[in-house]
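The values are calculated or read from the model by the stated rules, or taken from the named source; none is laboratory data. Since we're looking at a predicted model, the values are computed, not measured. Every residue, glycine as well, gets a Cβ built from its backbone with ideal geometry; the counts of neighbours run over all protein chains shown.
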Amino acid sequence: MRFTTRLLHGSFGPDKATGATTQPIYQTSAFYQETAEDMAQVFAGRKPGFVYTRVSNPTLMSLERRINELEGGAGAVACASGMAAVSQAVLNVLQEGDELVASGGLYGGTSSFFHDLAHYGIRARYAAGDSPEAFEAAITERTRLLYVETIGNPKLDVPDIAALAGVAHAHGIPLFVDNTVTTPYLCQPLALGADVVIHSTSKALNGNGNSIGGLVVSGRQFNWTPDCFPKFKEYRFGPMSFLVRLRMRMVTDYGGCMAPMNAYLTGIGLDTLALRLDRITSTALTLTEDLEERGIQVNYPGLASSPYHELAKRQFGDRFGAMLTICLGSKERAFSFINHLHYALNVSNIGDARTLVIHPATTIFLHASAQEKAAASVTDDLVRINVGLEDPEDLLEDFHQALEHLPRV
Ligand code: PLP
């Protein structure tokens, strides 16, 4: 079965209770069991069933199974947002005294969360470069996981997932990969050796910008030994330990579950993932080639000028995502460009059907230190663009007229 057929006809199929072809919204807080014995059995995990939506729900389960199947994982847990997925996945493993090593170009919300972990005695170190050697150099005896994004938002750096998995495993630690920007249509990190995949489903998986959500997928390989990861002492299920603990301790106790309505809307968006990304990635390439020809400094892994182009081709094939950045020479020129665009909406989001644009330095990175901005390559003249489904010719015309209005340097 190929990608889109698997996406539409994967193992979960139509709703078991009703035959509905679209997964119904089970908009309920709790689930009835006929007898106290049944309830006790379901609670103990000895009988399949549902108890309470914070723990599991059929609408969430449908989405979890579909995305897990696309990622080739052992199982998935839906979360309230991408940040709930990031925080619950990381805190499922780390405890006081532990460290993680991450790439410098992470999404601002994730690096801000990593910064906050210091209050819990957990330290985030950043690799001083993209190479596996740079990650290796940042690892200490306290490091318990490596963390990267398939394409950094907004740095657009591309890590070598297979090489980093090799580095992590040589130290007996897992590799976590945020696959939000690429989605499983472009990249399946578990097949490259990663151990945990994280998604903000608010973005391209949903594709319509209508609901916040997140998802964590676990691989089948990593052995969560309690000697190295004491939180798994009571969860000795081999490679399944991460997943069981994530649902039973993190989402159940911390409460960051997805809402059924959001899972339903995301499931509908997911149906057209491949179709949308074919169009979007083709338009993004057209747009970036055109801007580069006009002498604009463009950053996009699909361009030969990107230092990550060869690696991106190897990992993602011939599709390089919707996100690109341009540098326009000054903050004033960046603001002027954004203000003159008609179709690209000035919005703090990515992965919408509409083209979106933002000035990262004064928004997403508003509270970041100069050092954090430098690590993420966020300069005052940087504009982030997320290409949508509009006709490419209209986007080109719109960009051209906005460039014509740029103030002189
Ligand atoms: N990861 C990446 C790469 C993102 O771009 C974002 C949001 O922009 C998140 C995680 C957080 O997702 P959410 O906004 O759904 O919490």
Item to check | Number of the condition not met by residue 251 [criteria: (1) surrounded by fewer than 22 Cβ atoms within 10 Å (Cβ to Cβ); (2) within 16 Å of the ligand (Cβ to nearest atom)] | outcome: (1)
Checklist entry - For segment 299-337, how many residues meet the condition of being aliphatic (A, V, I, L, M), more than 26 Å from residue 275 (Cβ to Cβ) and buried (at least 16 other Cβ atoms within 10 Å of the Cβ)? => result 4
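When you check residue 200 against the structure, is it without any contact (Cβ under 8 Å) to a residue 60 or more places away in the chain, within 16 Å of the chain's Cα centre (by Cα) and within 16 Å of the ligand (Cβ to nearest atom), yes or no?
So residue 200 does not fit the description; no.
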Checklist entry - Looking only at residues in segment 60-107 that are of a type in the set (Val, Ile, Thr) and away from the ligand (no atom under 16 Å from the Cβ), which one is nearest to residue 237 (Cα to Cα)? => result 93
Next on the checklist: Restricting to segment 93-115, give me the number of residues that are in contact with a helix residue (DSSP H, G or I) (Cβ under 8 Å, 6 or more places away or on another chain) and farther than 30 Å from residue 377 by Cβ.
Outcome noted: 2
Item to check | Residue ID - modelled with the lowest pLDDT, chosen from residues in segment 349-368 that are away from the ligand (no atom under 11 Å from the Cβ) and among the small types (Gly, Ala, Ser) | outcome: 368
Checklist entry - Considering only segment 363-402, how many residues are under 23 Å from residue 128 (Cα atoms), touching a residue at least 24 places away in the same chain (Cβ under 8 Å) and in a helix (DSSP H, G or I)? => result 2
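Does segment 277-313 hold any residues that are assigned to a helix (DSSP H, G or I) and either polar (S, T, N, Q) or in the same structural domain as residue 67 (by TED's automatic domain parsing) (or both), and which are they?
Scanning segment 277-313 gives 281, 282, 283, 286, 288.
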Checklist entry - Would a scan of segment 104-119 turn up a residue that is at pLDDT 95 or above and outside any helix (DSSP H, G or I)? => result no
Next on the checklist: When you check residue 171 against the structure, is it surrounded by fewer than 24 Cβ atoms within 10 Å (Cβ to Cβ) and either farther than 20 Å from residue 353 by Cβ or within 13 Å of the ligand (Cβ to nearest atom) (or both), yes or no?
Outcome noted: yes
Checklist entry - Out of curiosity, is residue 354 under 22 Å from residue 275 (Cα atoms) and touching a helix residue (DSSP H, G or I) at 6+ places or on another chain (Cβ under 7 Å)? => result no
Checklist entry - If you check residue 45 against the conditions, is it farther than 18 Å from residue 15 by Cβ and either more than 16 Å from the ligand (Cβ to nearest atom) or not assigned by TED's automatic domain parsing to the domain that holds residue 204 (or both)? => result yes
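May I ask you to list the residues in segment 46-64 that are over 21 Å from residue 178 (Cβ atoms) and under 21 Å from the mean Cα position of the chain (by Cα)?
59, 61, 62
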Next on the checklist: If I filter segment 331-349 down to residues being over 17 Å from residue 398 (Cβ atoms) and charged (D, E, K, R), which single residue comes out as farthest from the chain's Cα centre (by Cα)?
Outcome noted: 332
Checklist entry - From the set of residues in segment 369-387 that are under 19 Å from residue 110 (Cβ atoms) and of a type in the set (D, E, K, R), which is nearest to the ligand (Cβ to nearest atom)? => result 384
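Looking for whichever is in contact (Cβ under 8 Å) with a residue 60 or more places away in the chain and either under 18 Å from the mean Cα position of the chain (by Cα) or within 17 Å of residue 183 (Cα to Cα) (or both) here; the options are 328, 291, 275, 356. Which one fits?
From the options 328, 291, 275, 356, the qualifying one is 275.
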Checklist outcome for this item: Note: among 209, 213, 152, just one is in contact (Cβ under 8 Å) with a residue 12 or more places away in the chain, more than 10 Å from the ligand (Cβ to nearest atom) and small (Gly, Ala, Ser), namely 209
Checklist outcome for this item: When segment 1-16 is checked residue by residue, the ones that are exposed (fewer than 14 other Cβ atoms within 10 Å of the Cβ), in contact (Cβ under 8 Å) with a residue 24 or more places away in the chain and among the small types (Gly, Ala, Ser) are 11
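Within segment 18-48, can you find the residues that are in a loop (DSSP other than H, G, I, E, B) and either in contact (Cβ under 8 Å) with a residue 24 or more places away in the chain or among the aromatic types (Phe, Trp, Tyr) (or both)?
Result: 22, 23, 24, 25, 26, 27, 28, 29, 31, 32.
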Checklist entry - Any residue in segment 121-138 that is more than 16 Å from the ligand (Cβ to nearest atom) and within 20 Å of residue 224 (Cβ to Cβ)? => result yes
Checklist entry - (1) at pLDDT 95 or above; (2) among the aromatic types (Phe, Trp, Tyr); (3) in contact with a helix residue (DSSP H, G or I) (Cβ under 7 Å, 6 or more places away or on another chain): which one isn't true of residue 308, the others all being true? => result (3)
Item to check | Any hit, segment 300-315, residues being more than 24 Å from residue 400 (Cβ to Cβ) and of a type in the set (S, T, N, Q) | outcome: yes
